[in-house]
Amino acid sequence: MKTYVITLSKTFPATHKRHGEPTYFRDKFFYPDVFGMSKKYHTIRANYDLWEKRFQKIAAGEACLSVRQWTGAPYRSKQEELARLTREDGIGIQRLDIANLYGCDRFIVDCYDVALSSLAFNDGLSIDDWLEWFKNYDRTKPLAIIHFTKKRY
């Protein structure tokens, strides 16, 4: 069986104003609503077309998703597997498009408007942290929302 890897960040990246601070994504992945934290229901990635092809293989039972976290510095340390998820776990993908209409961003998931607050919360981030995290993404290209549960928009 083919394994696709998603690595969750242990700390905020160098491009973020909170660089180096912990994200607590591991805790949010496993322990929802502990100490007021949101659950990490999904992660959002660039390259929707690539992830869509991968999820076709997952849906066919030919592949699984390995959710991991770096043990230390990203790309300079080993990864630890947090979970290995298959179609039986209800994982899935949705397309996210960010459109700007009259100077305001609209977040469109599979043709439906979704509130930024929902996207950020379900990604395990505050609105400010989410906007800062995705500030350098190419908004002309669709993003992939990779769901770790059956929950969808």
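The values are calculated or read from the model by the stated rules, or taken from the named source; none is laboratory data. Model, not experiment: these values are computed from the prediction. So basically every Cβ, Gly included, is an ideal-geometry build from the backbone, and we count neighbours across all protein chains shown.
Data for the structure
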quantity: Filter result (part of a helix (DSSP H, G or I), under 14 Å from the mean Cα position of the chain (by Cα) and either modelled with pLDDT under 90 or farther than 17 Å from LEU65 by Cα (or both)) within the stretch 18-44; calculated: LYS28
quantity: Within the stretch 119-136, tally of residues that are small (Gly, Ala, Ser) and over 13 Å from the mean Cα position of the chain (by Cα); calculated: 1
quantity: Subset of the stretch 134-146 that is in contact with a helix residue (DSSP H, G or I) (Cβ under 9 Å, 6 or more places away or on another chain) and not small (Gly, Ala, Ser) - its residue that is surrounded by the fewest Cβ atoms within 10 Å (Cβ to Cβ); calculated: LYS141
quantity: Residue check for GLU81: farther than 16 Å from PRO22 by Cα and touching a Ser or Thr at 6+ places or on another chain (Cβ under 7 Å); calculated: yes
quantity: Qualifying residue in the stretch 114-133 (condition: in contact with a strand residue (DSSP E or B) (Cβ under 7 Å, 6 or more places away or on another chain) and loosely packed, with under 14 Cβ neighbours inside 10 Å); calculated: no
quantity: Hey, ASN100 free of Cβ contacts under 8 Å to residues at least 60 places away in the same chain, surrounded by fewer than 14 Cβ atoms within 10 Å (Cβ to Cβ) and more than 22 Å from VAL5 (Cα to Cα) or not; calculated: yes
quantity: Filter result (under 30 Å from GLN56 (Cβ atoms) and hydrophobic (A, V, I, L, M, F, W, C)) within the stretch 1-23; calculated: MET1, VAL5, ILE6, LEU8
quantity: Residues satisfying the stated conditions in the stretch 57-78, i.e. outside any helix (DSSP H, G or I), charged (D, E, K, R) and either over 21 Å from HIS19 (Cβ atoms) or touching an Asp or Glu at 6+ places or on another chain (Cβ under 6 Å) (or both); calculated: GLU62, ARG68, LYS78
quantity: Scan of the stretch 112-153 for residues that are within 16 Å of GLN94 (Cβ to Cβ), among the charged types (D, E, K, R) and touching a residue at least 12 places away in the same chain (Cβ under 8 Å), ordered by number; calculated: ASP123, LYS141, LYS150, LYS151, ARG152
quantity: Residue match in the stretch 45-56 (condition: within 17 Å of LYS150 (Cβ to Cβ) and in a helix (DSSP H, G or I)); calculated: yes
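Each row is one residue, and each column tells you yes or no for (1) loosely packed, with under 11 Cβ neighbours inside 10 Å; (2) closer than 19 Å to GLU81 by Cα; (3) touching a His at 6+ places or on another chain (Cβ under 9 Å).
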residue	(1), (2), (3)
THR7	no, yes, no
THR11	no, yes, yes
THR15	yes, no, no
GLU21	no, no, no
ARG26	no, yes, no
PHE30	no, yes, no
HIS42	no, yes, yes
LEU50	no, no, no
LYS57	no, no, no
